[in-house]
Amino acid sequence: MTAANATVSAGFRSWLQRRRGVLLLAAALVLFPFVISILIDGQGVGAVLANDQGNARFLQGLAIEIFILALYAISYDLVLGITGLLSFGHAMFFAVGAYSFGILLKSFDIAWPVALLIVLVAALIQAVLFALVLPRVKGITFALVTLGLASVFWIVIQSSDLSDWAGAEIGLQGVQPPVWFLDTTNERFAFYLVTIAILIGVFMVYTRIVDSPAGKVLVAIRDNEDRALMLGYNTFWFKLLALTVASITAVLAGALHALHQPIVTPNVAGLGFTVTALLIILIGGVGTISGALVGAAVFRLLQFYLDKWFGGASDLLIGLAYVAIVLYLPFGIVGTWRAKAVQRRKGLDFVGSLVSGRKR
Amino acid sequence: MSDVILETHDLRREFGALVAVDDVNVKIEAGTLHSIIGPNGAGKTTFFNLVSGTLPPTSGTVFFKGEDITALPVHRAIHRGLGRSFQITNIFPNLTVLENVRLAAQAMGRDSFRLFRSHGRYDEYLRRAAEVLEQVGLSGQELMPASTLPHGDQRKLELGMILAPDPEVLMLDEPTAGMAAEQVPELMGLVQRIQVAGTKTVVLVEHNMNVVMRVSDRITVMHQGAVLAEGSAAEIAADERVQTAYLGQLYEAPNPEAES
Amino acid sequence: MSSRTDGGAGRLSQMIQENRTRVTVLAVLLFLFLAAFGGLDREDWFSTIMQGLSVGAITFLVASGLSLIFGLMDVLNLAHGEIFMLGAYFGWTIYTRFDTALDIVIPLLLLAAPFLLMPIWRTMASRVGTTAAVHRAIGWVLLLGGGLVTWLSITRFPLVIWDAKEFAFSPGSYSTQVDLGVLAPLGADSFNGAAVVAVIGLLFGGVILALAVSFFQRTPAEAAVSPRRMGAAAGLVLLAIVLHLTKGSINDWVFGLSTSWRFFLAMAIAVAMGAAVGAFIEVLLIRPLYDRPIYQLMLTLGVGFILIEVVREVWGRPEFTMARPALFNGTGEGCPGQGIGGFFSGCSTVDMFGARLRVYNEGFVFLVGILVLIGVTLLLKRTRIGMIIRAGVQDPDMVEALGINVRRVFTLVFALGSSLAALGGVLAAPSIGLSTGMGALFLLSALIALAIGGLTSFPGAAAGAVLVGLLQQLIIRFGQNGIDLPFLAEPFKPTPTLVPAASVLLMVIVLLLLPAGLFGRSER
Amino acid sequence: MTLLAMRDVHTFIGQFHILEGVTLDVPEGEIVALLGRNGAGKTTTLKTAMGLTPARSGTITFDGVDISQRRSFDIASMGLGYVPENRAIFADLSVEENLRIAERQKGDFAKKEEFIFDLFPDLKRLIRLPGTNLSGGQQQMLAVARALVPDNRLLLIDEPSEGLAPVIIEHMMEAIRQLSDRSTVLLVEQNFIVASRLAQHYVIVEEGRTVQAGAMADLVDDEEAIKKYLGAA
């Protein structure tokens, strides 16, 4: 064994060490359908692979929805939570992905990698579009302008002029899966694995970005933009960077959404869907990145069960929960957990000092 | 006589009817500690904002190392080696002390757009930040959130943030504002050391004459937007107009023009 | 200095100098509008302008409240569109189903009465001296208990209400009945034992809820209950009981009125209820967040969604219409009316300059818009409260330091703005119908109008609203006529769905050129 | 008798700890000058007394009543008038409206009109002009006049001489001297000469703490303290 090999394996081992939590989570998610299949459905491992009906298949579907929402919310957290840009047009990022990918597959019969490439170019263009207004307007006016831009998209997508492609008010339907591992109907487990892989990959990339030199500048912009400018950072480029990364992520989430859902409704472009992202990161904790994952799970499950129990009133209850969170839990689950973690550590240290009798 | 590093030509700024800076011409020589003093409301901070590019002038030009930087965006001026502080403490309150300075150091490098490696791997910035914190006397408090520091230490931190990118000219706007009297000599000593140690130029704005008299190579006195006098500390101390501007505002001839 | 002595001409030229971009943008806009109208026939452009002004008037009613609120307290109330929507639904209910409205008001009065006696409950709560956590826990328990009692009592209360799920009793069918002139009261229950239980239960529920709220407030009560408050609380209860006892005859009387009178009644009550909802939202939800502005914005967003869901729960999902009052709905002999006098002929339409105008839309709505503009302007310029508002827009802290309770002024302005939005809702309902999406639509228009006019400028809101209204109607008109574009064989006809998109684009362009809007003051 | 008393007052603005223990007494009927360097916390002290930046700890009593937790408007209606550093003239309001808005009871302005216009004859001439058209000196006069409209027992005046021409400063000093016959004054002043000629007492704050207080006559002779805390002398 050579020295180089040894360092590579050591580096890999330390990488495993640092990423333990995420990797364990990924493993648990992969095993999850099998556990459900065996314990609840009373079916075997094969049932999952064979895409049989049952709780396992259904919960995989729900989980995929959560993963897609998490991807979407994590991108919003980068814009709002990390960089501090109040954008009310984030739904457009998602909807552009869903609609363009779906339309390209359905109406233009393009090979899916090419379609994906085109969608990514669209993501770049819209990020630049949002960024173009940045040097001129800040704060609430930026929120208004982004809301305006997204509303234009929302209106255009519903226009009857485009109904052949986008399906007007009803939405886009009839997108066929281009390849077997993107087929949520017949190969759900494969699709499930794909979404897990994408989500975990994106999550790791995001945690790296937040920790990178560029990420640190983004946080600085949120904290005090004028000061960041006075340090010599051209903050425009950093905001453009954040918007671009977020746009690419949201577009990916949208493309997955187009594959997973039978219909892409115009709602995903509306203000309501931006509020969904806002709600998710509020639940999870603004600016925490991992909060988006937690928030998406809590949000979708809450929505699912409230809908099941209360039917039509569920939206009302979600709205009330949203208002309560804004009022009483401003740091969200992960944010509050981290704040308390400091207290817990202090508490533990204190107890430790009592036990050891050492003066601190 | 050494080279002029920073120079203004008929620099002027009006706010409505008020002329805050009135055709100011100042030459600052490289390697000196040049103070700009004047009573409150004399236009010192506005002058500072004009030079550093945070405020566009109504007319006039600013030259830095012989180049016209009047229209240069703020962040560019800093990359050319012009650092400045603010009269009101201006830091990243939620970030740690170390991170505040590290960000300042990172701004000068070429790694700020790197996305996929931890910032901790770029240890030259960390090292520089530690060095600067040592210099301004804040080592040991690296991991405190900046907002929890006492006021005096926050001013030191700000000084550290200007020092970190190693600028040629440091523009300090009342660095001692609000500091306890016994802390002032310490900070001024620090400022002086910075200037003597390297080849740095320091431009200092103060409304307190005593602070600058001892340390300055050259002093410009501003009064009601215009330059009242310029010279060495001794010359300024002997200047009668300066004495009246500072102490005898009340006994000066009435000047209704300045009021409207 | 010199401009002051030069006099008018000098100052004007200086003003133009200082606002070069602003003047240029205004001139270009004016030119574009003139060019667009130039491309229309005479009767077309006149009716388009009038329709634009009508839409502009409604937009203005929403935008003016938004601008007052944002100007004074820096809260961009994204729930404002939903208050507009509520106004429409309130108005419809009073207009079409007054018996139901009356029935709902009675329990609300009973619930509200104990809240007037807040100091008593707060003293009681502060007597319970435990830790904050226990206090909060008691609060939650009381809240749940009070909610339960209230719910049980309300369901016992003999409400005369529609059934959104059953066609014959749905809001939609009642609307049709009003159109045909056959709607009659559903026949209220007489005063019976169940109602007595319900009245007492509601009062009790109100007391528990008020007590619950006081457990969440940590500061002790500073003042005792004034006799006036006692009187007001007793008055509310008495009013509720009297209303309940006499509601049969009140209903008969109201249903005997002409639809016009009922419409004015609906306007008045909807405005009052809009004000109440606004004040309620401000005190309960906005006030705790004044030091967290971004969260305020998010909160109003949430409140808007809640209001939509509430409306869906109460009035059902499908859209329905509101009949135009008789005064503006005449047909037959002598109709359509001619010229200006035609507006008073009682016809539904009028011919003017060769164009056919609707008396309600292009006459009445526009008139109310003008009256509100004048009224609010007078309020701002001539009254003490207006003076305080204008001062508060600039520096609320200083106003407070002069000894004026700015928070009360905030609440008042929030209520005022909400009542204007509610008025807009009632006015809009007969021409555009009722739907849960109407709020979002007009909020968007109002936001655009505000952004164009300058977020905090009241005249700017008016100007922006008119611009948006004109632009939208112009595009609709061109959508009908088609535009001959070069390189296109057929004339281009923008679809109606693209109309709001055009105004959004106008906003984006104006904001990019003038971040502070046309009339806003840019920060230095 | 002490009209306003602050004891170990701590104030935070956002996350910044601005006042770290201010203690001062303002005797009724006199002028007290609050001195210190730029950024030492003088303005925040006035704002805290006024309830605009509420104290986080410590007590503030006015006429024996604890006002530390009261809202600003409440404090003002007890008889405190505030003249802020930036003057805070309402630009959209005319001079007359700027005065009338300070009325606590109807007719306050009518009662004081003569006194105010005697002090500041300029304002009478400008009564219809919008506040934005006033010069700096006129704005300062208006700001002081505004605090005189209701019957205030204590006036908090922040930097009345800042940015004014000498002749106007003279005028302003004379006005403050005259109005101090009617009410007590707590004055923040950078210009030591102005402060020393107006006030009977002084309080020096530094880094948000009271460091020295006493009779102005003693401070004028105490060159060391002046040099140490106030700089230029």
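Throughout, read-outs are computed from the coordinates displayed, never taken from laboratory work. None of the values given here were measured: they were computed from a predicted structure. FYI the Cβ positions are ideal-geometry reconstructions off the backbone, even for glycines, and counts take in every protein chain you see.
Descriptive notes on the structure:
- Given +1 at the Cβ of Lys and Arg, -1 at the Cβ of Asp and Glu and no other charges, the dipole of the protein assembly as shown around its Cα centre is 3000 debye to the nearest 20.
- Enclosing the Cα atoms of chain D in their convex hull gives a volume equal to 118 cubic angstrom per residue.
- With a Förster radius of 60 Å applied to the C-beta separation of C:Phe255 and D:Asp74, the computed FRET efficiency comes to 0.75.
- Histogram of C-alpha separations across the protein assembly as shown, 10 Å bin width, %: 1, 7, 13, 18, 20, 18, 12, 7, 3, 0, 0
- Excluding exposed DSSP-loop chymotrypsin sites (Phe, Trp or Tyr not before Pro) (at most 13 other C-beta within 10 Å), longest clean stretch of chain B: B:117-260
- For chain C, convex hull of alpha carbons as volume per residue, Å³: 200 Å³
- Percentage relative contact order, the stretch A:34-295, counting C-alpha pairs under 8 Å, at least six apart: 37 percent
- Each residue, B:His9 and A:Arg136, gets one label point 7 Å from its Cα in the Cβ direction; the gap between the two is 3.3 nm.
- Computed E for A:Ile263/A:Ala28 - FRET, C-beta separation, R0 45 angstrom, nearest 0.05: 0.90
- The Cα-based radius of gyration and maximum Cα-Cα distance (Dmax) for the stretch A:34-295 are 19.0, 64 Å.
- q = 0.08, 0.16 Å⁻¹: log10 I(q)/I(0) that the Debye formula gives for chain B, counting C-alpha atoms only: -0.33, -1.23
- Which of D:Val211, D:Pro160, D:Asn191, positive extreme of dipole for the stretch D:145-233 (C-beta unit charges): D:Pro160
- Shielding of D:206-213 by partner chains, average beta-carbon count, 10 Å: 3
- Taking a ≥ b ≥ c as the square roots of the eigenvalues of the Cα gyration tensor, the stretch D:109-203 is oblate, since a/c reaches 1.5 or more and a/b is not larger than b/c.
- Cα-based shape type of the stretch A:172-250, given that a ≥ b ≥ c are square roots of the gyration tensor eigenvalues and the cut on a/c is 1.5: prolate
- Based on Cα contacts under 8 Å between residues 6+ apart, chain C shows a relative contact order of 30 percent.
- Shape call, the stretch A:68-160: gyration tensor on alpha carbons, a/c limit 1.5: prolate
- Each other residue within a Cβ distance under 13 Å of C:Val311 adds +1 if Lys or Arg and -1 if Asp or Glu, for a net charge of -3.
- Among A:Ile289, A:Val219, A:Leu231 the positive-end extreme of the charge dipole of the stretch A:34-295 (Cβ point charges): A:Leu231
- Per-pair calculated FRET efficiency, R0 = 41 Å: A:Leu39 and A:Leu129 via Cβ, rounded to 0.05: 0.25
- For the stretch A:1-140, relative contact order (Cα pairs under 8 Å, six or more residues apart, normalised by length) works out to 12 percent.
- This model, with +1 at the C-beta of Lys and Arg and -1 at the C-beta of Asp and Glu, gives the stretch A:34-295 a dipole about its Cα centre of some 640 debye.
- Label-to-label distance, C:Leu144 versus C:Phe264, with points set 7 angstrom from Cα along the beta-carbon direction: 5.1 nm.
- Where a label projected 7 Å from the Cα of C:Thr383 along Cα→Cβ would reach, residues of the stretch C:61-101 with amide N under 19 Å: C:61-73
- Think of the protein assembly as shown as a dipole: +1 on every Lys or Arg Cβ, -1 on every Asp or Glu Cβ, centred on the Cα centre; then among B:Leu72, C:Ile306, A:Ala242, C:Ile306 lies furthest on the positive end.
- Placed amide H near C:Thr321: partners under 5 Å, 5+ positions off or other chain: C:Leu434
- Stretch gain in nm, segment C:Val128-C:Ile509, where the contour uses 0.36 nm per residue and the Cα spacing is subtracted: 131.2 nm
- Computed magnitude of the charge dipole of the stretch B:123-201 (debye, nearest 20; Cβ of K, R +1, Cβ of D, E -1): 100 debye
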